1. Where a ≥ b ≥ c are the square roots of the eigenvalues of the C-alpha gyration tensor, would you call the chain rounded, which needs a/c under 1.5, or, failing that, prolate if a/b is larger than b/c, or oblate?
2. Pop out the ³J(HN,Hα) list for the range 17-22 in order, Karplus 6.51 cos²θ - 1.76 cosθ + 1.60 with θ = phi - 60°, rounded to Hz; leave Gly and Pro as x.
3. Give me the net charge of SER58's neighbourhood, meaning all other residues with Cβ under 15 Å from the Cβ of SER58; Lys, Arg count +1, Asp, Glu -1.
4. Simple spin-label model, 7 Å along Cα-to-Cβ: LEU29 to LEU45 in nm?
5. Apply the Karplus parameterisation 6.51 cos²θ - 1.76 cosθ + 1.60, with θ equal to phi minus 60°, to every residue of the range 47-62 and state each ³J(HN,Hα) to the nearest whole Hz, in sequence, with x for glycine and proline.
6. Only counting other Cβ atoms within 10 Å, I'd like THR12, THR47 sorted with the fewest neighbours first.
Amino acid sequence: MPSDSNAAFHATYHLGQYQEAIDAKIADLDQHDFTARFWQKDATLWTQDAEAQQSVRSFMGWLDTPRVMLKA
């Protein structure tokens, strides 16, 4: 295990017949900057409906838990 607590964890999975489809989906998520948008609580990742977006954002509050707990 790396001594640097900020080091990224990397794992390799062999997914057989699903590998190609999963690799394509990961590439699509990367192309659309999914990870950054997820952490920014971008509800358009799930829906284009404004009312539904508000609902999605309200359920994404848990993303703030680690930062809030560090301040406690």
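1. Working: a/c = 2.85, a/b = 1.13, b/c = 2.52.
Oblate, because a/c is 1.5 or more while a/b does not exceed b/c.
2. Once rounded to whole Hz, the list reads 5, 8, 3, 4, 5, 5.
3. On the way: positive: LYS41, ARG57; negative: ASP42, ASP49, GLU51, ASP64.
Value of the local net charge: -2.
4. 0.8
5. Per residue, the Karplus-derived 3J(HN,Hα) values read 7, 9, 6, 4, 5, 5, 4, 4, 5, 4, 4, 5, 8, 9, x, 4 Hz.
6. Details: THR12 4, THR47 12.
The most exposed by this proxy come first: THR12, THR47.
Values in this text are rule-based calculations from the coordinates and carry no lab data. All of these numbers come straight from a predicted model, not from anything done at the bench. Cβ atoms come from the backbone with ideal geometry, glycine included; neighbour counts cover every protein chain shown.
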